[in-house]
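The values are calculated or read from the model by the stated rules, or taken from the named source; none is laboratory data. Every value quoted in this text rests on a predicted model; they were computed, and no experiment measured them. All Cβ positions, even for glycine, are placed from backbone atoms using ideal geometry, and neighbour counts span all protein chains on display. Ligands, DNA and RNA are excluded from the accessible area calculation, which covers all protein heavy atoms including side chains. Shrake-Rupley method; radii C 1.70, N 1.55, O 1.52, S 1.80 Å.
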Amino acid sequence: MFMKRKLIALLAAVMLIPSAIAAKDYEHSDLIESFSVLPALQQVTVSPDGKHVIIRRATSKDGDYILEVRKTNDLKADPVLFGSERMEIQGAYWLNNDLMAVNFSQNIQDGTRNYNASKVGIVRADGKGKWKIPFPKEESARFSLVSLLRDDPKNILIRYDINNDRLPDIVKYNIYNGRTRTVFRANTLLSSGLIPDTEGEIRAANAYDAKNNSLDQYVRTSSDAEWELIFKNRADNRERFDFLSFSVENPQEIYISANRGQDTTGIYTYNIETKVYSERLFGLKNVDVGGVVTSRKQVDNGRLLGYSYTGKKPTVYWLDEYEENLRNAVEAAFPDKHVRLSSRSDDDSQIVVNTSADNDPGTFYLLSNMKDVQLIGERFPLINRDLLGDVKYIKYPARDGLKIPAYVTIPKMGKKPYPTVVMPHGGPWVRDTVIYEEWSQLLASHGYMVVQPNYRGSTGYGLNHWKKGDNNWGQTMQDDKDDGVKYLVDKGLADPDKVAIFGWSYGGYAAFAASVRENGPFACAIAGAGVADLSRISATLFNGGRYGRVFQGTTVSGLSPIEHAEKLAMPLFIIHGDIDRRVPVEQSRLMVEKLESLGKPHKYLELEGADHFYNTLYYRHKSKFYPAMIDWLENDCFTKSTIAKQ
């Protein structure tokens, strides 16, 4: 009854919110500009007592983010501002109601070295007093928060290499005086996957067994007890087995995500005292589980609330009635939106609601007292939402019968059959989950239908789907992209004469592969940050070490595009950042050299100061990359007359 009454007030409040940005007609350059600028808002986080919010806001097209601390009862009042002259503000989080931690980063290029220096600063949210910099003598004091320690408000638990042996330790850090105590010192045996219990003691960990090339999973009943081996995760087996968190209700039980003989992962508990696994507490037939959802409130931190998984979109199976009713009420107030409660006060008097959808690049609201809703702002306020395409989730058959899940973004302008861009995700050992996706909507706003397949080799759909990509790079993995085109052509959605492929990272490799495969469905290819020479593939792709090389490295073989460069018979556009640390720029430079030696026409764009991942592409990169790609599609791949214009 409580939630039903609140729902009526919430719906009424939301209906009164005015549109922040009115839709307008965009010129071609304005449209690309609206996608090129970095998000206006990146973060909104409420304090535990609900009195303040941290807002990370852009001050320029390239971001240059600052932090605003505003009062929740008067968001329009002047905020307390925090900025940085040299380092970038990457984010902030509350340590308590008065103190916040701020993450800083700076890219440093020193001769042949290219790395990020990181710092964390602790400061009062009211701006008074001096900054406290943990480990100030370290050039890059990189650490991550493990726990706020609800019963120890002066200390936090962090993961930090305190003795400079390149192994992350678990350290208790006093946020007021900077004193530290090493809770667990990592060693060559136990060095990763360190999981604390509710008291902050490390009682689960991973160890690498070099002799058997396995990642071994250990637990113990207490901080001074002997470690017990409960699972050997062999690289040649590749079953999933991951520690999640200790149970609050029974400290001797730990939640685990594992296959345990099934194709998809499920949730189990393991009782350390009785040495018994539970039955499969939660699992699905067609997709892997995501994990457990636990409370992040100080009063009941770690209490189990539900289980997460991703089908078309991220979803939670709720066990807690209050949480389920609250989410249902908020979701009903924002119909046709994917809704996240991204931050909450301990008493839920203040909740940050983050909505997104195919026509919503992201919007932040503050829900106060379960009835008053205030618009904080949009992530991309310049984008004309009327031009954004509709996203559909489909499954199509590959030529061998395997079902391939895919997202299809259908443009608002033009008519069937559409000029089409196939956009395979990077990785490849991840999966696409599309709610709002910038690149697909950039293309859709210019009249292209976009297909994003979760081809074989993608994770999230069980062991069989994942392993079917082994040693099939450019082969059956590539067939899946071609078969998606055939399916959409047969459905009358895709124009068979106007199909391109565009990808980044592994997707860039797939574009390279498509450009040299014979009898493919593509008119042209755009390879971004792609691997052209499989023999030179970087060890960073496998997270380094022998285990990673065997775990995934032995699964990488197939078509090496550079070895088939003479077969290039379509327009090819190559893009790469010159400081890419995941896929070195030499991969694209070697392909360009090979094509030039063969007299094969192509276009090459090297982005100065751009690294590999999307969050390292700034306005200065996208403002060159996006117009070049759109122009190339219209003038080198397709002609302007074939593309619907807004």
Exercise. Would you pick out the residues in the stretch 77-103 that are charged (D, E, K, R) and either closer than 17 Å to Lys130 by Cα or out of contact with any Ser or Thr (no Cβ under 6 Å at 6 or more places or on another chain) (or both)?
Worked result: Asp78, Glu85, Arg86, Asp98
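Taking the stretch 65-94 as the search range and keeping residues that are part of a strand (DSSP E or B) and among the aromatic types (Phe, Trp, Tyr), which one is farthest from Gln298 (Cα to Cα)?
Step one: filter the stretch 65-94 for residues part of a strand (DSSP E or B), giving 66-71, 74, 80-82, 88-94.
Filter again for among the aromatic types (Phe, Trp, Tyr), leaving 82, 93-94.
Values: Phe82: 26, Tyr93: 14, Trp94: 12 Å.
Only one residue tops the list, namely Phe82.
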Exercise. Hey, any hits in the stretch 540-562 for a residue that's open to solvent by 20 Å² or more (accessible area, probe 1.4 Å), over 18 Å from Asp470 (Cβ atoms), at pLDDT below 95 and hydroxyl-bearing (Ser, Thr, Tyr)?
Worked result: yes
For this session: Could you run through the stretch 438-477 and say how many residues are acidic (Asp, Glu) and open to solvent by less than 30 Å² (accessible area, probe 1.4 Å)?
Result: 1
For this session: Any residue in the stretch 569-595 that's under 27 Å from Glu634 (Cα atoms): show its pairings with residues that are polar (S, T, N, Q) and in a loop (DSSP other than H, G, I, E, B) at Cβ separation under 9 Å, as long as the two are six or more apart or on different chains.
Result: Gln587/Ser538
Problem set entry | Cross-chain or 6+ apart pairs with Cβ under 7 Å, the stretch 138-162 first and touching a residue at least 24 places away in the same chain (Cβ under 8 Å), then of a type in the set (Gly, Ala, Ser) and part of a loop (DSSP other than H, G, I, E, B) | Ser147/Gly200; Leu149/Gly200; Leu157/Gly200
Problem set entry | Selection within the stretch 548-563 - closer than 21 Å to Glu596 by Cα and either out of contact with any Ser or Thr (no Cβ under 9 Å at 6 or more places or on another chain) or among the small types (Gly, Ala, Ser) (or both) | Leu559, Ser560
Exercise. Which of the residues that make up the stretch 95-153 are outside any strand (DSSP E or B), aromatic (Phe, Trp, Tyr) and surrounded by fewer than 17 Cβ atoms within 10 Å (Cβ to Cβ)?
Worked result: Trp131
For this session: List every residue pair whose Cβ atoms sit under 7 Å apart, with the two residues 6 or more apart in sequence or on different chains, where the first one lies in the stretch 29-43 and is more than 13 Å from Ser445 (Cβ to Cβ) and the second, anywhere, is in a helix (DSSP H, G or I).
Result: Val37/Tyr619; Leu38/Tyr619
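Kindly provide the set of residues from the stretch 490-506 that are touching a strand residue (DSSP E or B) at 6+ places or on another chain (Cβ under 6 Å) and either surrounded by fewer than 24 Cβ atoms within 10 Å (Cβ to Cβ) or assigned to a helix (DSSP H, G or I) (or both), ordered by number.
Residues of the stretch 490-506 that are touching a strand residue (DSSP E or B) at 6+ places or on another chain (Cβ under 6 Å), as a first pass: 494-495, 498-502, 504.
Once the filter is applied, which keeps residues that are touching a strand residue (DSSP E or B) at 6+ places or on another chain (Cβ under 6 Å) and either surrounded by fewer than 24 Cβ atoms within 10 Å (Cβ to Cβ) or assigned to a helix (DSSP H, G or I) (or both), the stretch 490-506 yields Asp495, Lys498.
Suppose the filter is open to solvent by 40 Å² or more (accessible area, probe 1.4 Å) and either in contact with a Leu (Cβ under 8 Å, 6 or more places away or on another chain) or in contact (Cβ under 8 Å) with a residue 24 or more places away in the chain (or both); does Glu606 pass it?
The answer is yes for Glu606.
Out of the residues in the stretch 279-298 meeting the condition of being closer than 28 Å to Leu148 by Cβ and in a loop (DSSP other than H, G, I, E, B), tell me which one is modelled with the highest pLDDT. Walk me through it before giving the result.
Going residue by residue through the stretch 279-298, those that are closer than 28 Å to Leu148 by Cβ are 281-282, 289-298.
Then drop every residue that is not in a loop (DSSP other than H, G, I, E, B), which leaves 281, 295-298.
Numbers: Leu281: 98, Ser295: 92, Arg296: 87, Lys297: 85, Gln298: 78.
Looking at residues that are closer than 28 Å to Leu148 by Cβ and in a loop (DSSP other than H, G, I, E, B), I get Leu281.
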For this session: Go through the stretch 395-437 and give me each residue that's outside any loop (DSSP other than H, G, I, E, B) and either free of Cβ contacts under 8 Å to residues at least 40 places away in the same chain or surrounded by fewer than 16 Cβ atoms within 10 Å (Cβ to Cβ) (or both).
Result: Lys395, Pro397, Lys403
Problem set entry | Output for the stretch 355-385, where each listed residue is in a loop (DSSP other than H, G, I, E, B), over 21 Å from Leu443 (Cβ atoms) and acidic (Asp, Glu) | none
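Could you list all residues from the stretch 260-278 that are in a loop (DSSP other than H, G, I, E, B) and under 13 Å from Tyr309 (Cα atoms)? Spell out how you get there, then give the answer.
Filtering the stretch 260-278 down to residues in a loop (DSSP other than H, G, I, E, B) leaves 260-265, 272-275, 278.
Passing the criteria: Thr264, Thr265.
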For this session: Only one of these is open to solvent by 40 Å² or more (accessible area, probe 1.4 Å), of a type in the set (Ser, Thr, Tyr), in contact with a strand residue (DSSP E or B) (Cβ under 9 Å, 6 or more places away or on another chain) and assigned to a helix (DSSP H, G or I): Tyr487, Tyr509. Name it.
Result: Tyr487
Exercise. Only one residue in Ala357, Ala332 is touching a residue at least 40 places away in the same chain (Cβ under 8 Å), surrounded by fewer than 18 Cβ atoms within 10 Å (Cβ to Cβ) and among the hydrophobic types (A, V, I, L, M, F, W, C). Which one?
Worked result: Ala332
For this session: Please go through the stretch 335-354 and pick out each residue that is assigned to a loop (DSSP other than H, G, I, E, B), among the small types (Gly, Ala, Ser) and open to solvent by 10 Å² or more (accessible area, probe 1.4 Å).
Result: Ser349
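Confirm whether Tyr317 is out of contact with any Pro (no Cβ under 9 Å at 6 or more places or on another chain), closer than 28 Å to Thr264 by Cα, open to solvent by less than 50 Å² (accessible area, probe 1.4 Å) and among the aromatic types (Phe, Trp, Tyr).
Values: out of contact with any Pro (no Cβ under 9 Å at 6 or more places or on another chain): yes; closer than 28 Å to Thr264 by Cα: yes; open to solvent by less than 50 Å² (accessible area, probe 1.4 Å): no; among the aromatic types (Phe, Trp, Tyr): yes.
No, not satisfied.
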